[in-house]
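So the structure is just underneath, and the comments pick up after that.
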Amino acid sequence: MSRQTRRSLLAAVGTALTGALAGCGDLNPLSEETPVEYDDDAIAALAGDIPEIPPAVPVQPTDEHVETARERIRTLLADTDLSRIPNAVVRDVLAREREVARDALSEDEGEHRIDVLPGLTHPRSEAMFVDAGLAAFDDELTAAGVESRRERHHRDAASFLDDYSPVGPAADPVAAFAEHARITDWARTGARLTEPATHHEYENTVLHVAELAQRLEWGRAYAADARRLHDHYVSTLEEPHDYAERFASVAASLVGDVEAHATPPDWDELASDLERDVSETPAERLLEELARSRWIGAQSAVEHHEAGEPVGAILPAMRALAADRAFADARDAVSNGAYGVPESVTPIEDERAAAVEGLRSVLDTAPALLARRLAQYAYSPIRNADRSVTDGTITADGRDLYAQYAVANRFAAAAPAVVQRVGSALQG
């Protein structure tokens, strides 16, 4: 007999958990608690392959660019003899940061450079933590000195964004947008991280200087990577075309369609007028997650638009539009009895299979560069649910797994129409 895990799941009296969509049967209306037992082996078998999302940019950073980032870590960690620091607490903190930074130097042959490079921003900052800490111990660096550096790097990061011009090939505005969306995202992150810090963890002078320098290096790395990728991209263009007006027009149209969702939803009203009670069911989690995704996307789109950042507004607006379509479709399914508490692993397995197939469909949608960005919102719930299944430190909840796979499935089904709409708008 296979191992069983007992799940006690409360269901509202008289709630019908039926229908082919839910894969669930009726509950006894006289019972206030319905125990559901899931086969642990079947739960563990849920995790599987997920389609890989290819790079969502036409031009990736060069190998030299990535190697420069790695060399920055090596240089900062060179000659970091911590044994001369008498304070054991300070020494241990610096040693911990040094080991984390060193671990990042291991080669990731299977990863794309566009993913590897931002993954090296924080390790660069951890290496700086060690270097700056030793400099502070030797009285060669003070908080005032770090502040002077911060002001200079922040001016540079802000100036890059202020003077930014989204140019690209005249025949491919979608490719231009995809590249500039990534570049400006890094640049904005760099500008934000080089602003004055509002929280400090350490009171010790050495560690305080180290943490100030760490945050600054984190922002500097993002800003420098953005500038270098921009220069590399522009160097590949024969006759650059300025898309500033085109992108601004598309952003304004999309933001106008989602701005009504830019404030937090009334969580109690998401399913209040349904004829069934969905509390404590996967249906409740599904509707909440899609409403949250719609709100976050719309809020970000509006903020970027109001800040005069049209390139930064388009992708979150796409997320909000897809989440809104997914929410409407999911709500219809829920009203018809879908996504109740599963009585076995079978409906969970079916939902995951549908989500994976939906993700494949998104990735087959044109324009591919836009589809790959939206595909992340279907990919992530599948990956997270799979990790909870394979992570031996936690107990996977069948109800939660069902909801996560459902979020991915519904978002994937809604994404292609949004990709096609925005692709057409960008192409003019």
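Being touching an Asp or Glu at 6+ places or on another chain (Cβ under 7 Å), touching a residue at least 24 places away in the same chain (Cβ under 8 Å) and of a type in the set (Phe, Trp, Tyr) is the requirement here; does residue 222 meet it? Spelling it out, it is not the case that residue 222 is touching an Asp or Glu at 6+ places or on another chain (Cβ under 7 Å), touching a residue at least 24 places away in the same chain (Cβ under 8 Å) and of a type in the set (Phe, Trp, Tyr).
Among the residues of segment 296-350, those that are under 20 Å from residue 362 (Cβ atoms) and charged (D, E, K, R) comprise 319, 324, 325, 329, 350.
I'm trying to understand the selection: among the residues of segment 256-308, which are farther than 16 Å from residue 403 by Cβ, among the small types (Gly, Ala, Ser), part of a helix (DSSP H, G or I) and without any contact (Cβ under 8 Å) to a residue 40 or more places away in the chain? Those that are farther than 16 Å from residue 403 by Cβ, among the small types (Gly, Ala, Ser), part of a helix (DSSP H, G or I) and without any contact (Cβ under 8 Å) to a residue 40 or more places away in the chain: 256, 260, 297, 300. When 226, 132, 127, 171 are screened for being within 30 Å of residue 419 (Cβ to Cβ), of a type outside the set (Lys, Arg) and part of a helix (DSSP H, G or I), only 226 passes. Tell me, please, whether a residue that is surrounded by fewer than 21 Cβ atoms within 10 Å (Cβ to Cβ), modelled with pLDDT of 95 or more, under 27 Å from the mean Cα position of the chain (by Cα) and aliphatic (A, V, I, L, M) can be found in segment 137-158. Yes: one or more hits. For residue 165, the criteria (1) touching a strand residue (DSSP E or B) at 6+ places or on another chain (Cβ under 8 Å); (2) closer than 23 Å to residue 64 by Cα hold in every case but one, which is (2). Got at least one residue in segment 97-104 being touching a Gly at 6+ places or on another chain (Cβ under 9 Å) and modelled with pLDDT of 95 or more? Yes, that holds for at least one residue. Give the residue that is nearest to residue 284 (Cα to Cα), with candidates limited to residues of segment 350-408 that are in contact (Cβ under 8 Å) with a residue 60 or more places away in the chain and outside any helix (DSSP H, G or I). If we take residues in segment 350-408 being in contact (Cβ under 8 Å) with a residue 60 or more places away in the chain and outside any helix (DSSP H, G or I), then 397 is nearest to residue 284 (Cα to Cα). A count restricted to segment 174-186 and to residues that are surrounded by fewer than 21 Cβ atoms within 10 Å (Cβ to Cβ) and either among the polar types (S, T, N, Q) or not in a helix (DSSP H, G or I) (or both) stands at 0.
Matching residues to (1) touching a strand residue (DSSP E or B) at 6+ places or on another chain (Cβ under 7 Å); (2) modelled with pLDDT of 80 or more; (3) not assigned by TED's automatic domain parsing to the domain that holds residue 378:
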residue: 9; (1), (2), (3): yes, no, no
residue: 18; (1), (2), (3): no, no, no
residue: 30; (1), (2), (3): no, no, no
residue: 33; (1), (2), (3): yes, no, no
residue: 40; (1), (2), (3): yes, yes, no
residue: 48; (1), (2), (3): no, yes, no
residue: 67; (1), (2), (3): no, yes, yes
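Quick one: which of 335, 344, 424 is free of Cβ contacts under 8 Å to residues at least 24 places away in the same chain and small (Gly, Ala, Ser)? Within the list 335, 344, 424, the selection yields 424. Against the list (1) within 27 Å of residue 141 (Cα to Cα); (2) not in a helix (DSSP H, G or I), the condition residue 190 fails is (2).
Give the residues of segment 215-246 that are closer than 30 Å to residue 97 by Cα and basic (Lys, Arg), sorted by residue number. Within segment 215-246, 215, 220, 227, 228 meet the criteria.
The values are calculated or read from the model by the stated rules, or taken from the named source; none is laboratory data. Predicted, not measured: the structure shown is a model, and the values here were computed from it. Quick reminder, even Gly has a Cβ in these numbers, built from the backbone with ideal geometry, and neighbours come from all protein chains shown.
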